[in-house]
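Participant: I'd like to ask some things about the structure below.
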Amino acid sequence: MTRKEWSHLIRIGLLMGLAVLVVSVIGMVEKFNERALIVGYLTLGQLLLYIPALYAGYTSVPAGEHRAMPQRLLGGVVVGLLAVMPVILLILVASSWPGIRSYFVNISPNMVKILTAGKGVGPGIGLLAGEMAALGLIGAAIHLIPDRIRKPIVTAIIFTVGFALFSDVSLNIANQLFARKTVRVLFGTKGITPLATVIVFVISLVAASLWTWKGREAYARRQANMSSEQAKRSQRIATTVLMIVLLTLPWVLGVFLTDVLDRVGIFILMALGLNIVVGFAGLLDLGYVAFYAIGAYVTAIMTSTGNLGMGLSFWLAVPVAVVAATMAGIILGIPVLRMRGDYLAIVTLGFGEIIRVLVRSDLLKPVIGGAQGILNIGRPTIPGLTFTTPQHFYYLILLACLLAWFISGRLRDGRIGRRWMAVREDEDVAEAVGINLVITKLLAFAMGAAFAGLAGSLFAARVGTIFPNSFELLISINVLCIVIIGGIGSLPGVVVGAFVLVGLPELLREFDEYRMLMYGALLIIMMLVRPEGLWPSPITRREMHAAEENAAAVEAEHSSDIRAAVEG
Amino acid sequence: MTLTQRLRGIDWISAALWVFRAVIIILVIVGTVRKLFLGVGTQYTTQDWLDFISSGLSQGGLYALIALGYTMVYGVLFMINFAHGEFFMSGALTSTMLVASTLSRSGFMNEQPIIYLVIVTVAAVLTSMAVALLTERVAYRPLRRAPRLVPLITAIGASFFWQYFFRGLFGSEIKPFPVPAILEGWITIAGITFLKVRFVTLVASLIALILLYLFIMKTKTGKAIRAVAEDKDVATLMGIDVDRTIAMTFAVGAGMAGIAAILWALVFRQAHFYMGFVPGIKAFTAAVLGGIGSIPGAALGGLFLGLIEAVGPPLFLEGLGIPAAHQLKDVTAFTLLVLILIFRPQGIIGERLAEKKA
């Protein structure tokens with residue numbers, strides 16, 4: 001191997017080694033180890049250690065060279081071993097100097113035990129190094145397998161791990177459908193049994209192979225041959241099926257999962273609103289939580305039966321809350337009309353903080369209860385039913401989300417949507433072609449605020465008690481992340497983003513402490529590798545690629561200019 | 001132009017902004033008058049007022065030091081480095097946990113307080129610089145050509161990543177910062193009594209500001225930084241390594257944040273993983289207040305912000321009859337930020353950047 005190849009290997013190995021070291025030192029490995037994936041065989045913490053080694057092995061083979069020669073396999077072993085070096089050092093230090101814990105809280109004996117698989121320092125290190133080297137080898141060897149076979153296997157492995165990770169979901173469903181005994185064979189308290197692993201793996205392998213070998217082509221052919229009439233009908237059928245699934249979901253999932261869905265739904269609602277402001281109109285708003293808080297507090301004050309409330313009906317409170325949030329959106333929108341980009345972000349952040357401090361202060365305590373919050377918020381009622389359980393609220397939230405989705409879609413495709421996008425692309429040009437910037441921007445702020453107000457209103461009714469703590473800046477950042485990671489300006493993206501960023505952490509309680517860490521890392525990684533988001537709108541996708549092509553073209557032009565200048 | 005013509009020329013947005021401005025000014029004046037001449041709220045002695053002013057100024061010195069990082073980075077990249085507060089936090093927390101606590105336990109702190117302070121500060125500066133350089137390399141440099149929103153988002157991401165990384169590293173509780181005995185108590189200079197730490201903070205931050213100013217104006221590296229801020233392409237043609245200079249800018253800004261971090265820890269006697277956020281925003285306010293991109297502006301803005309924040313609530317907020325006005329300290333700062341960005345985005349002494357580049 002050449003020197004360049006060696007330095008490539010060393011870089012990847014050490015980078016991944018650093019990753020392993022970081023997740024160990026900040027306590028992620030230890031925390032995630034509590035969560036079993038395959039009972040008795042694999043925990044989430046171990047997976048966290050193994051993935052970097054596997055990835056290092058995989059990337060150790062230069063892109064485009066799929067023919068893996070013996071050297072490449074050797075390279076895989078080398079990066080695997082390099083990836084384990086920093087953490088071996090950590091094990092040695094931690095086991096010989098217990099006092100280190102008073103400096104780094106998470107370097108505990110338990111962590112060392114997990115890293116060495118409880119076999120003592122010497123054998124443990126040997127075992128870990130062996131495992132990591134093997135994983136590096138496997139990562140490199142993946143390139144040996146022809147595409148046709150590799151794809152289904154990788155898909156099946158990922159699916160199996162995902163299934164194990166979200167075993168709670170299937171466990172909840174299984175509990176309702178099967179007898180306890182059957183369920184116990186397949187699921188442990190956390191994670192799935194080896195038997196279930198094999199079953200899931202085989203099923204997904206068969207499905208994935210069929211899809212890769214036959215299904216994809218057949219599907220593409222059918223899609224291509226479909227007349228527009230048929231296409232419309234199949235779309236209608238799909239929509240109907242989706243609606244039926246959505247309507248029956250809470251009864252299949254049970255109380256706990258429906259509660260998670262409710263949370264996700266409220267975030268979808270907010271994110272749909274922020275998507276109008278940030279995604280359509282391009283106005284970066286970091287104080288969005290203010291409108292959510294206004295919606296929640298208006299609802300709380302109007303419906304609470306406590307001493308701060310008026311005890312009115314929820315149905316009366318909702319429109320008032322939405323109107324109040326909208327008004328606030330316009331009022332806070334006016335001063336920032338002339339600001340752009342990051343200045344706008346900071347001012348809206350300032351507004352959000354002002355409102356947060358005010359809510360907490362003694363100044364407004366007689367009205368909104370200060371840090372004690374508002375209790376006994378009224379539940380929505382319709383004749384014959386009071387909304388109390390998560391299942392009841394699910395329908396309310398679903399209705400609101402569908403409404404918001406519908407409104408967003410119509411606005412986007414309508415005149416105002418075009419205007420928003422024009423403003424987003426270039427304010428000066430938009431103004432020059434006769435777009436009224438004031439009205440256009442204020443409408444965006446108002447619509448966004450209205451959705452947030454509705455979300456706040458539903459939130460207040462759902463939880464029954466609100467405190468200033470529920471309206472931290474983190475909510476704004478969360479919603480912004482949903483919009484950006486889902487795909488800025490894209491409606492399905494918002495939903496996907498909300499499920500990924502709110503739903504997943506709710507299901508994986510172990511993540512809680514590290515949720516923000518992963519958000520931060522995810523935001524950066526996303527911007528680096530896939531700035532258009534998980535499910536981008538077609539326009540954004542085109543733009544992102546156009547930008548790349550432009551940059552390439554400019555570069556090329558530049559270099560040819562320079563060459564011409566030099567030669568001429 | 002007659003008056004009616006003039007009035008017709010003003011659109012309603014400007015009118016609304018004028019009303020907004022007038023309301024704030026009237027509130028401030030009414031509050032001040034009521035406080036000073038009608039004696040509303042708590043009665044303060046002259047010494048109390050001097051305390052407010054001195055603590056405000058020393059706080060302002062810290063804001064100024066942190067603000068330098070914002071201003072310098074904005075100068076070269078036109079981006080708000082949202083993660084700058086975390087550079088500050090990383091220095092304070094790492095130095096507290098690894099260096100300060102060890103030295104105070106071994107008794108070295110009170111034997112050699114000056115050397116102790118130097119070591120602790122160096123540790124903080126180095127940590128802040130390392131974190132800043134890493135952030136720049138990973139999260140900002142690859143995105144130089146991306147749309148402006150993109151680096152702002154990675155900055156937010158980096159900010160959260162570092163907060164929770166350090167929380168994972170050192171734990172989530174508040175760590176006490178050991179203060180040497182010589183800095184306890186009060187000091188009287190020219191008949192005015194200061195808290196010793198406050199006095200040291202103010203003097204140290206002023207010295208650091210002056211040194212930085214000299215660094216930027218007199219050294220070759222400083223010249224390179226100014227050249228890159230002026231025009232990157234031309235700077236490249238002049239043989240300046242732009243990437244290196246930008247990294248240098250981050251490092252210098254983070255170094256200042258590291259110094260501020262130790263001074264901050266001396267004043268508040270603690271460090272924790274969330275300590276960077278609010279000072280970060282306040283310092284950004286200071287940078288904008290002085291005129292973002294300008295170094296003397298950041299210094300002036302910092303001092304002014306510290307002063308307003310310390311004197312404002314007891315003066316005009318209490319004068320307006322607001323209960324527990326000190327809770328609204330942050331509101332004063334943020335309102336000031338909003339007002340400045342609306343009415344004078346170029347800041348006190350900044351050039352008019354807002355329209356051209358923002």
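Participant: Determine the dipole magnitude for the protein assembly as shown: charges of +1 sit on the beta-carbon of Lys and Arg, -1 on that of Asp and Glu, nothing else is charged, the reference point is the Cα centre, and the result goes in debye to the nearest 20.
Facilitator: 1280
Participant: For the pair residue B:218 and residue B:324, how long in nm is the line joining their label points, each one 7 Å along Cα→Cβ?
Facilitator: Using points 7 Å along Cα→Cβ, the separation is 5.0 nm.
Participant: How big is the Rg/Rh ratio for the stretch A:147-219, C-alpha atoms only, Rh by Kirkwood, two decimals?
Facilitator: When Rh is taken as the Kirkwood radius, the ratio is 1.07.
Participant: Expressed as a whole number of Å, what is the distance separating the alpha-carbon centroids of the stretch A:402-435 and the stretch A:22-37?
Facilitator: 46
Participant: With an 8 Å cut-off on Cα pairs and a minimum separation of 6 or more residues, tell me the relative contact order of chain B in percent.
Facilitator: With pairs under 8 Å counted, the relative contact order is 34 percent.
Participant: Report, in listed order, any pair from A:4/B:220; A:151/A:214; A:113/A:190; A:31/A:190; A:31/A:113 with a Cα-Cα distance greater than 24 Å. Could you put the intermediate results ahead of the total?
Facilitator: Values: A:4/B:220 35 Å; A:151/A:214 13 Å; A:113/A:190 20 Å; A:31/A:190 14 Å; A:31/A:113 13 Å.
Violating the 24 Å Cα-Cα cut-off are A:4/B:220.
Participant: Along the Cα-to-C-beta direction of residue A:119, a point sits 7 Å from the Cα; which residues of the stretch A:84-104 have their amide N less than 11 Å from that point?
Facilitator: Label zone hits: none.
Participant: Right, here's the next one. Once Lys and Arg get +1 and Asp and Glu get -1 on their Cβ, which of A:364, A:249, A:86 lies farthest toward the positive end of the dipole of chain A?
Facilitator: Value computed over the given set: A:249.
Participant: Got the relative contact order for the stretch A:147-219 handy, in percent, Cα pairs under 8 Å and 6 or more residues apart?
Facilitator: About 49 percent, as a whole number.
Participant: Just to check I understand the Karplus step: with θ = phi - 60° and J = 6.51 cos²θ - 1.76 cosθ + 1.60, what whole-Hz values come out for the stretch A:194-202, glycine and proline as x?
Facilitator: Those phi angles translate into x, 4, 4, 4, 4, 4, 4, 4, 5 Hz.
Participant: What distance in nm separates the simple spin-label points at residue B:134 and residue A:415, each placed 7 Å from Cα in the Cβ direction?
Facilitator: Here the answer is 5.4 nm between the modelled labels.
Participant: Quantify how strongly other chains surround peptide A:343-356 by giving the mean number of their Cβ atoms within 10 Å of each of its Cβ atoms.
Facilitator: For peptide A:343-356, the averaged partner shielding equals 6.
Participant: Ok, one more. Please list, in chain and number order, the residues 5+ apart from residue B:271 or on another chain whose amide H is under 5 Å from its amide H, with Hs placed from the backbone.
Facilitator: Answer set, sorted by chain and number: B:175, B:177.
Participant: Going by how many other Cβ atoms sit within 10 Å of their own, how do B:267, A:23 line up, fewest first?
Facilitator: B:267, A:23
Participant: Could you give the distance between the Cα centres of the stretch B:262-335 and the stretch A:97-130, to the whole Å?
Facilitator: 45
Participant: Return the FRET efficiency for the residue pair residue B:238, residue A:407: r is the Cβ-Cβ distance, R0 is 51 Å, and the value is rounded to the nearest 0.05.
Facilitator: Values: r = 55 Å, r/R0 = 1.07.
The formula returns an efficiency of 0.40 here.
Participant: Using the Cα centre of the stretch A:134-192 as the reference point, and only Cβ charges (+1 on K/R, -1 on D/E), how large is the resulting charge dipole? Debye, rounded to the nearest 20.
Facilitator: With only Lys, Arg, Asp and Glu charged at Cβ, the dipole is about 200 debye.
Participant: Give a residue-ordered list of calculated ³J(HN,Hα) values for the stretch A:417-434 (Karplus: 6.51 cos²θ - 1.76 cosθ + 1.60, θ = phi - 60°; whole Hz; x for Gly, Pro).
Facilitator: x, 4, 5, 4, 5, 4, 4, 5, 5, 6, 4, 5, 5, 4, 5, 5, 8, x
Participant: Can you classify the protein assembly as shown as rounded, prolate or oblate using the Cα gyration tensor, where a ≥ b ≥ c are the square roots of its eigenvalues, rounded means a/c under 1.5, and otherwise it's prolate if a/b beats b/c and oblate if not?
Facilitator: rounded
Participant: Which one, B:67, B:139, B:100, has the greatest fluctuation when you compute a Gaussian network model over chain B with C-alpha springs under 10 angstrom?
Facilitator: Its mean-square fluctuation being the largest, the pick is B:139.
Participant: Continuing with this model, one more query. Shape of the stretch A:278-417 from its Cα gyration tensor (a ≥ b ≥ c, root eigenvalues): rounded if a/c is under 1.5, otherwise prolate when a/b > b/c, or oblate?
Facilitator: The shape class here is oblate.
Participant: Now a separate question. Which of the lysines could a cross-linker bridge to residue B:329, judged by Cα under 18 Å and excluding same-chain residues fewer than eight apart?
Facilitator: Straight-line reach from residue B:329, under 18 Å: A:365, B:35, B:282.
Participant: If amide hydrogens are placed 1.01 Å from N in the peptide plane, which non-local residues have theirs closer than 5 Å to the one on residue A:187?
Facilitator: So residue A:187 has HN proximity to A:193.
Participant: Continuing with this model, one more query. Residue-wise, which Karplus ³J(HN,Hα) couplings in Hz belong to the stretch B:310-321, taking 6.51 cos²θ - 1.76 cosθ + 1.60, θ = phi - 60°, and x for glycine or proline?
Facilitator: My calculation for the stretch B:310-321 gives 7, 8, x, x, x, 7, 8, 6, 5, x, 7, x Hz in order.
Participant: Let me ask you something else. Can you tell which of B:108, B:194, B:52 shows the greatest fluctuation in a Gaussian network model of chain B with Cα springs below 10 Å?
Facilitator: Between B:108, B:194, B:52, it is B:108 that shows the largest mean-square fluctuation.
Participant: R0 = 22 Å: FRET efficiency of residue A:85 with residue B:98, Cβ-based, nearest 0.05?
Facilitator: On the way: r = 23 Å, r/R0 = 1.03.
The calculated FRET efficiency here is 0.45.
Participant: Something else: Magnitude of the Cβ-charge dipole of the stretch A:245-505, K/R +1 and D/E -1, about the Cα centre, nearest 20 debye?
Facilitator: Dipole about the Cα centre, nearest 20: 360 debye.
Participant: How would you classify the stretch A:330-401 from its alpha-carbon gyration tensor, with a ≥ b ≥ c the square roots of the eigenvalues: rounded for a/c under 1.5, else prolate if a/b is greater than b/c, otherwise oblate?
Facilitator: Oblate shape, in that a/c is at least 1.5 and b/c is the bigger or equal ratio.
Participant: Moving on. When only Cα pairs under 8 Å and 6 or more residues apart are kept, what is the percent relative contact order across chain A?
Facilitator: Contact order relative to length: 15 percent.
Participant: What average count of beta carbons from other chains do you get within 10 Å of the Cβ of residues in A:361-370?
Facilitator: Mean shielding by partner chains, rounded to a whole number: 3.
Participant: First select every other residue whose beta carbon is under 15 angstrom from the beta carbon of residue B:266; then total the charges, Lys and Arg +1, Asp and Glu -1.
Facilitator: +3
Participant: Separate question: I'd like the distance between the alpha-carbon centres of the stretch B:132-199 and the stretch B:205-259, rounded to an integer number of Å.
Facilitator: A separation of 20 Å, based on Cα centres.
Participant: Relative to the first principal axis of the alpha-carbon coordinates of chain A, what is the inclination of helix A:216-225, with its axis defined by its Cα atoms, in degrees from 0 to 90 and to the nearest 10?
Facilitator: 40
Participant: Which cross-chain or sequence-distant (5 or more) residues have an amide H under 5 Å from the amide H of residue A:42, H modelled 1.01 Å from N in plane?
Facilitator: The list, which skips near neighbours in sequence, is A:37.
Participant: Rounded to a whole number of µm²/s, how large is the Stokes-Einstein D of chain B at 4 °C and 1.567 mPa s, given Rh as the Kirkwood radius over C-alpha pairs? Display every interim value, and only then the final one.
Facilitator: Numbers: Rh = 21.7 Å.
Translational diffusion coefficient: 60 µm²/s.
Participant: Highest GNM mean-square fluctuation, chain B, Cα pairs closer than 10 Å: which of B:16, B:235, B:324?
Facilitator: B:16
Participant: Additional query: Taking the highest mean first, how do the peptides A:353-361, A:481-489, A:331-339, B:176-184 order by number of other beta carbon atoms within 10 angstrom per residue? Please report the intermediate quantities before stating the final value.
Facilitator: Numbers: A:353-361: 21.4, A:481-489: 27.2, A:331-339: 19.6, B:176-184: 16.3.
In descending order of packing, they fall as A:481-489, A:353-361, A:331-339, B:176-184.
Participant: Per DSSP H run of at least 4 residues, take -39500 (n - 2.57); add these up for chain A, divide by its residues and hand me the 222 nm value, nearest 500 deg cm²/dmol. Intermediate values should be presented prior to the final figure.
Facilitator: Details: 25 runs with 409 residues, N = 568.
Per the formula, -24000 deg cm²/dmol.
Quick note: the coordinates plus some simple rules give every number you see, no bench work behind them. The shown structure was predicted, so the numbers you read here are calculated from the model rather than taken from an experiment. Neighbour counts are summed over all protein chains in view; Cβ atoms, including those assigned to glycine, are modelled from backbone coordinates with ideal geometry.
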